[in-house]
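Okay, structure first, notes after.
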Amino acid sequence: MADGAGNNFDIVILGGGSGGYACALRAVQLGKTVALVEKSKLGGTCLHWGCIPTKALLHTAEVADMSRESETFGIKSTFEGIDMAKVNSYKDGVVDRLYKGLQGLIKSGGITVVEGEGKLVDAKTVEVGGERYTGTNVVLATGSVSRTLGLEIGGRVVTSTEALTMTEVPEKVVIIGGSVIGVEFASVWKSFGADVTIIEGLPTLVPLEDPTLSKGLERAFRKRKINFKTGVKFDSVKQTDDGVTVTLENGDTIETDLVLVAVGRGPNSAGMGFEEAGITVDRGWVPTNERLATNVDGVFAVGDLVPGLQLAHRGFAHGIFVAEEIAGLNPQVVVDSGIPRVTYCEPEIASVGITEPQAREKYGDDNVETIEYNLGGNGKSQILATAGTVKLVREKDGPIVGVHMIGARFGEQVGEASLMVNWEAYPEDVAQFIHAHPTQNEALGEAALALAGKPLHSHA
Ligand SMILES: Cc1cc2nc3c(=O)[nH]c(=O)nc-3n(C[C@H](O)[C@H](O)[C@H](O)COP(=O)(O)OP(=O)(O)OC[C@H]3O[C@@H](n4cnc5c(N)ncnc54)[C@H](O)[C@@H]3O)c2cc1C
């Protein structure tokens with residue numbers, strides 16, 4: 001075992017985000033020596049510019065909506081506006097506390113943190129500021145960056161990173177991209193009082209989700225007066241002194257104060273010496289086999305850098321997997337379709353497994369059964385005054401292969417959904433388990449009851 005002396009380690013990890021730091025923590029638990037190279041902040045995108053700050057903003061948005069709608073529940077209060085300085089200090093406070101906690105974990109784990117920008121000089125060696133760190137194994141975990149479709153970012157044209165540090169609520173905003181990041185910011189800004197328009201090139205919002213969820217979100221956004229144009233691409237974006245003009249391919253123009261470019265994220269690997277070290281790179285991504293090994297022996301890749309779902313918990317799972325693989329524990333592979341996905345707009349979307357169209361393609365039209373349980377029948381959803389659906393997709397006479405949910409706070413229900421799909425549960429199995437009343441979790445039990453042929457509170 002390399003003892004870390006003379007900069008020789010069992011594992012050198014390039015990038016200290018979700019994938020990289022999870023790998024480091026698990027590897028030291030398994031007795032490995034680890035160098036973790038990070039050029040910016042441990043915790044990476046998720047902690048500093050992604051999951052955590054956006055969800056803090058979404059929580060403030062929920063509070064704003066509650067104060068506006070409190071009358072519905074018999075509470076007298078008035079909504080007087082958004083104090084962005086306080087919103088930002090609350091958000092930053094959450095991030096800071098988690099950041100301190102993470103730094104403590106990394107330190108107490110005995111991980112050698114190398115601060116600075118790293119570059120591979122060969123398949124076993126990372127150079128940082130002129131110093132070389134050699135690993136018996138190297139893990140690439142450099143993550144992803146916002147795609148911009150050639151648009152110049154600056155001034156009134158921003159990506160999610162700049163959008164997280166805004167000091168004012170824009171009056172009007174156009175969001176290019178109606179997928180996860182786009183609809184989350186749309187939800188926040190609408191709750192903060194902005195006039196929001198989403199432009200999505202594909203035919204629906206959240207186009208990668210089951211069509212039932214896309215339709216449900218569009219219905220909910222219409223009700224919230226969030227504007228969206230689907231099936232149309234933008235053509236150009238022009239900044240003037242006092243605004244931005246967005247021109248669409250169909251010739252329409254929209255005048256706005258701010259444009260958020262939320263068209264997905266691409267790999268972060270340029271100029272890091274991967275190809276020179278013999279590692280196959282495909283349009284910036286680092287392809288791996290299912291055991292997350294690259295084409296070069298002893299070099300692994302994890303997280304957003306590996307083509308597939310871009311989620312922090314996928315990064316954690318990848319990191320843990322690779323540490324255990326290197327330690328010879330033969331861990332179970334991480335399969336993307338088994339990873340739960342949550343979009344935290346209002347209403348929330350949560351899903352796991354395959355969609356109905358994917359199931360029809362996989363099993364054939366006659367071999368798929370679905371049920372859509374309407375939250376109109378769920379007591380807790382009625383108490384929260386939310387509408388929505390829980391949809392189960394099963395292989396005919398077989399297990400549940402997809403769970404798709406929409407409704408306020410439904411992200412919290414994805415745990416059981418994940419167990420259903422990953423344990424290949426039959427609706428009849430789930431129907432036997434008692435779900436507490438009144439909870440939104442009951443909706444999953446009710447959907448399973450209905451799919452097992454014995455519906456209880458099912459409304460058409
Ligand atoms: C706005 C937004 C919201 C999101 N919300 C969610 C969410 O709610 N839930 C969820 O699961 N996911 C969410 N994500 C996605 C999530 O952030 C990513 O999937 C996750 O961060 C990927 O982890 P990673 O380790 O692969 O990469 P990253 O977290 O990007 O980490 C890579 C790290 O490598 C470092 N690095 C890069 N190059 C070098 C170099 N040459 N030398 C040294 N260090 C280097 C970077 O500084 C960075 O810290 C969100 C993303 C965004 C942008």
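Please treat every number below as a calculation from the coordinates, not as lab data. Small disclaimer: the values here were computed from a predicted structure and weren't measured. Backbone-built Cβ (ideal geometry, glycine too); neighbour counts: all protein chains shown.
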Could you check residue 235 against (1) assigned to a strand (DSSP E or B); (2) surrounded by 15 or more Cβ atoms within 10 Å (Cβ to Cβ); (3) in contact with a Ser or Thr (Cβ under 6 Å, 6 or more places away or on another chain) and say which number it fails?
(2)
What number of residues in region 173-224 are of a type outside the set (D, E, K, R), farther than 28 Å from residue 372 by Cα and part of a strand (DSSP E or B)?
7
Members of region 75-92 found to be touching an Asp or Glu at 6+ places or on another chain (Cβ under 9 Å) and polar (S, T, N, Q), listed by number:
77
Only one residue in 214, 187 is touching a residue at least 24 places away in the same chain (Cβ under 8 Å), more than 20 Å from residue 154 (Cα to Cα) and within 21 Å of the chain's Cα centre (by Cα), so which one is that?
187
Go through (1) over 19 Å from residue 159 (Cβ atoms); (2) within 16 Å of the ligand (Cβ to nearest atom); (3) in contact (Cβ under 8 Å) with a residue 12 or more places away in the chain for residue 57 and report which single condition fails.
(1)
In region 148-178, anything within 11 Å of the ligand (Cβ to nearest atom) and either β-branched (Val, Ile, Thr) or closer than 18 Å to residue 248 by Cβ (or both) is listed as 159, 161
So which residues in region 280-296 are of a type in the set (A, V, I, L, M, F, W, C), within 16 Å of the ligand (Cβ to nearest atom) and surrounded by fewer than 22 Cβ atoms within 10 Å (Cβ to Cβ)?
281, 285
List the number of the failed condition for residue 75; all other conditions in (1) surrounded by fewer than 15 Cβ atoms within 10 Å (Cβ to Cβ); (2) touching a residue at least 40 places away in the same chain (Cβ under 8 Å) hold.
(2)
Test of understanding: among 31, 15, 43, 6, which residue is at positive phi, more than 6 Å from the ligand (Cβ to nearest atom), of a type outside the set (Phe, Trp, Tyr) and under 19 Å from the mean Cα position of the chain (by Cα)?
43
Could you check region 216-235 and list, in sequence order, the residues that are touching a Leu at 6+ places or on another chain (Cβ under 9 Å) and either among the polar types (S, T, N, Q) or over 15 Å from residue 172 (Cβ atoms) (or both)?
217, 218, 221, 230, 231, 232, 233, 234, 235
Tally, over region 249-274, of residues that are assigned to a loop (DSSP other than H, G, I, E, B) and either basic (Lys, Arg) or out of contact with any Asp or Glu (no Cβ under 6 Å at 6 or more places or on another chain) (or both):
13
Take region 421-443 and flag every residue that is touching a residue at least 60 places away in the same chain (Cβ under 8 Å) and buried (at least 22 other Cβ atoms within 10 Å of the Cβ).
421, 440, 442, 443
